[in-house]
Amino acid sequence: MTIRVALVGCGTWGRNLLRVLVASPGARVVAVAEPTPAGRARAAALAPEASIVPSLDDALACGVDAVLIATPPYSHAGLVLRALAAGADVFVEKPLAMRVVDAERCAARAAALGRIAMVGHLLRYHPAVERLLELAHDGALGHLLGLEAGRGSIDGDRSASALWTLGPHDFSVLHALDPSPIAGLSARSGPGGDPVVIEAELTSGLAASVTLSRASTVKERRLRVVGTAATAVFDDVRAPDRVLVAGAEISVAWREPLMVEVEHFLRCVEHRSQPLTPFGDGVTVVRALAQAEETCGALPASGAADELAAQ
C-alpha cells in the first residue's frame, strides 16, 4: 500500500522530513504546503512530482491519506485540527501544542474520529535511545534512581523558547523511562528564557534534571540514566551509535532516527495501529512543559501566528 501524503512546512526541519518521505517506498508525496517562495522552491527541488502549494487547504484538496506537519510550534494545534477534520491521519512535529488545553483538544478529536495521530518525539525512534530504554526496563541498571539530560544548541531554533523547542525530547524519554506522574517540578531560567534548568520528581521516586539552551557555546545532546546497579550514558554528539553502561560500550545498529520514525508512522497508517508516540504522549509532555513554563516564566517567543495557521 502506498500512502498519499502532504507535508506542511518545508523549513529547516521540514526539508529533512521531505527528503525522507520522498525516499520512502511506502509514501507518495502528493503535495507540500509552504507559504514562502524560498520554501516552495526548496520543496520543488526535493519533490518535483508533488504539487507545491501555499496552504494546508490547498494541499488537502490534492487528495491525501495523511498529513505531516513541520511548522513553528505555535501553529501546530490549529493545523492538526484542520487536517483531522478533513479526514487525514496526522503526524505533527513536537510539541503537539503549546497549551495543555490545545493538546488535549487535539488528542480528543483524533480519538473521536478514529484517526492515526502521532507526535514526532524523535528520540523515541533513535536506535541508541531505544537500547538505553531496553536496558533500563530489563533491569540491567537495577532500580532506577534518576535521569540527567543536557541539551544545548548553538544558535538554535528561535521560533519558541528553549523549553518548548528542546524540552520535548527529554520529557518524552522521561515518560518512556517511567510513566509515573510528576509529583513535583521546579524550573529556573536565564534572561529571555535561556538556559532553562528543570528539576522534577515522579511519584515513583525517580528524579530528573534537565538543562536546555538554544544559545549554548557547544552542541550537547546527552542523557544519563542512573540506577542502583549501573549508570547508562548516551552522548548523541560524540557517539550516536553506542551506549556506555558501567564503563563498557554497547554498540547499536545504526539507522537514521528520522527514517525510522517516518516509516513507523506510515506502517501505523497502513495497518491502523497505535503509534509508539501517540497524541496522548504529546499531551503528557506538553503538560510537563507548561508546568515548567509557569514555574520559571520561560515564555514562548512572541510574534504573529504562522501564515499556514492563519489561513
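The number of residues in the range 254-309 being more than 20 Å from the chain's Cα centre (by Cα) and modelled with pLDDT of 95 or more comes to 3. Which ones in the range 61-79 are farther than 18 Å from residue 115 by Cβ, outside any loop (DSSP other than H, G, I, E, B) and among the small types (Gly, Ala, Ser)? Passing the criteria: only 75. Against the definition (surrounded by fewer than 19 Cβ atoms within 10 Å (Cβ to Cβ) and either touching a Leu at 6+ places or on another chain (Cβ under 7 Å) or within 30 Å of residue 21 (Cα to Cα) (or both)), how does residue 221 come out, yes or no? In short, no. Among the residues making up the range 250-272, those that are loosely packed, with under 12 Cβ neighbours inside 10 Å and of a type outside the set (Lys, Arg) are 251, 253, 271.
In the range 119-143, the residue that is farthest from residue 206 (Cα to Cα) out of those that are touching a Gly at 6+ places or on another chain (Cβ under 6 Å) and surrounded by 21 or more Cβ atoms within 10 Å (Cβ to Cβ) is 119. Taking the numbered list (1) surrounded by fewer than 24 Cβ atoms within 10 Å (Cβ to Cβ); (2) within 17 Å of the chain's Cα centre (by Cα); (3) polar (S, T, N, Q) in turn, residue 51 passes all entries but (2). Name every residue in the range 87-103 that is acidic (Asp, Glu) and either more than 15 Å from residue 113 (Cβ to Cβ) or in contact with a His (Cβ under 6 Å, 6 or more places away or on another chain) (or both), in order of residue number. 93, 102 - these are the residues of the range 87-103 that are acidic (Asp, Glu) and either more than 15 Å from residue 113 (Cβ to Cβ) or in contact with a His (Cβ under 6 Å, 6 or more places away or on another chain) (or both). Scanning the range 77-91 for residues that are buried (at least 22 other Cβ atoms within 10 Å of the Cβ) and either of a type in the set (Gly, Ala, Ser) or in contact (Cβ under 8 Å) with a residue 60 or more places away in the chain (or both) yields 77, 79, 83, 88, 89, 91.
Which is farther than 28 Å from residue 267 by Cα and either assigned to a loop (DSSP other than H, G, I, E, B) or touching a residue at least 60 places away in the same chain (Cβ under 8 Å) (or both), of 167, 142? On inspection, the qualifying residue turns out to be 142.
The values are calculated or read from the model by the stated rules, or taken from the named source; none is laboratory data. This structure is a prediction, so every number in the text was calculated from the model and none was measured. Because the Cβ atoms are built from the backbone with ideal geometry, glycine has one as well, and the counts that use them run over all protein chains shown.
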